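For reference, the structure discussed in these notes is given below.
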Amino acid sequence: MSEITREPSRFGIAVAGGFALLSITATAVAAPTAAAVSGAGLLVLVAGLARASRRLVTNGGGVLLLGVLYAGYTGAPPLPVLVAALAGVLAWDAASNAVSVGEQLGKETDTTRAEVVHVVSSFLVGSLAVAVGYGVYVTAAGGQPIASVFLLVAGAVALVNALR
């Protein structure tokens, strides 16, 4: 009997990378300079997946979101910032889940179905948070300071994290 390879799942790596790239793209649309920070987050996230390190995955997700927060701080439009934040949180969540699944079941086990359910659930909860956040922004718009966009992004991230 062969030993289990305790590495992140291939599906989880692909999903995390896709969401991270979406986050960087949305950040670049909102504020091109902030995309450089998010890009550094992608590199750390990928390094965490390569080493199966929860700490690096969490740090990579955090740096990815720092780029998004910087975009919000610079006065970027709220919708791309919220989309970038959601994609960043989903990238971190998928990467973290890939590491967990790899540790528990191994790389060889087919975990696609369970991971799809996890990603879709997280996406639906996060999309609801973004919709509510954007709705609040549109309703309250009218001379609001840019800090409101920053707080909306922080609120959406906190909501997704709390519901996890």
Exercise. May I ask for the angle, rounded to the nearest 10°, between helix 10-30 and the longest principal axis of the chain, with both axes built from Cα atoms and the value confined to 0 to 90°?
Key: 20 degrees
Self-check item: Estimated inter-spin distance, Ala114 and Ala14, nm [label 7 Å along Cα→Cβ]
Solution: 1.9 nm
Quiz item: Any number yet on Rg/Rh for the chain, C-alpha, Kirkwood?
Solution: 1.03
Exercise. Only helical DSSP H runs with n ≥ 4 go in: add -39500 (n - 2.57) per run for the chain, normalise by residue count and round the 222 nm mean residue ellipticity to 500 deg cm²/dmol.
Key: -29000 deg cm²/dmol
Practice problem: Compute the signed sum of charges (Lys and Arg +1, Asp and Glu -1) over the other residues within less than 12 Å, Cβ to Cβ, of Ser9. | Solution: -1
Quiz item: Can you pull the percent of region 1-50's accessible area that's carbon plus sulfur, 1.4 Å probe, other chains left in place?
Solution: 71 percent
Self-check item: Net charge of Cβ neighbours under 14 Å - reference Gly62; Lys, Arg +1; Asp, Glu -1
Solution: +1
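Rank-order 35-45, 79-89, 19-29, 101-111 by packing density, defined as the average count of other C-beta atoms within 10 Å over each peptide's residues, highest first.
The packing order, highest mean first, is 79-89, 19-29, 35-45, 101-111.
If you roll a 1.4 Å probe over the heavy atoms of the protein chains, what accessible area per residue do you get for the chain, in Å²?
51 Å²
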Quiz item: So what are the ³J(HN,Hα) numbers for region 58-66, from phi and the Karplus equation (6.51, -1.76, 1.60; θ = phi - 60°), rounded to whole Hz, Gly and Pro as x?
Solution: 5, 5, x, x, x, 5, 4, 6, 4
Quiz item: Hey, with R₀ at 41 Å, roughly what FRET efficiency would Leu105 and Thr139 work out to, going by the Cβ-Cβ distance, to 0.05?
Solution: 0.35
Quiz prompt | Simple Cβ-charge dipole of the chain, Lys/Arg +1 and Asp/Glu -1, about Cα centre, in debye nearest 20 | solution = 180 debye
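The values are calculated or read from the model by the stated rules, or taken from the named source; none is laboratory data. Note that the structure is a prediction, hence the values are computed from the model and not measured. All Cβ positions, even for glycine, are placed from backbone atoms using ideal geometry, and neighbour counts span all protein chains on display. For accessibility, only protein heavy atoms count, side chains too; no ligands or nucleic acids. Shrake-Rupley method; radii C 1.70, N 1.55, O 1.52, S 1.80 Å.
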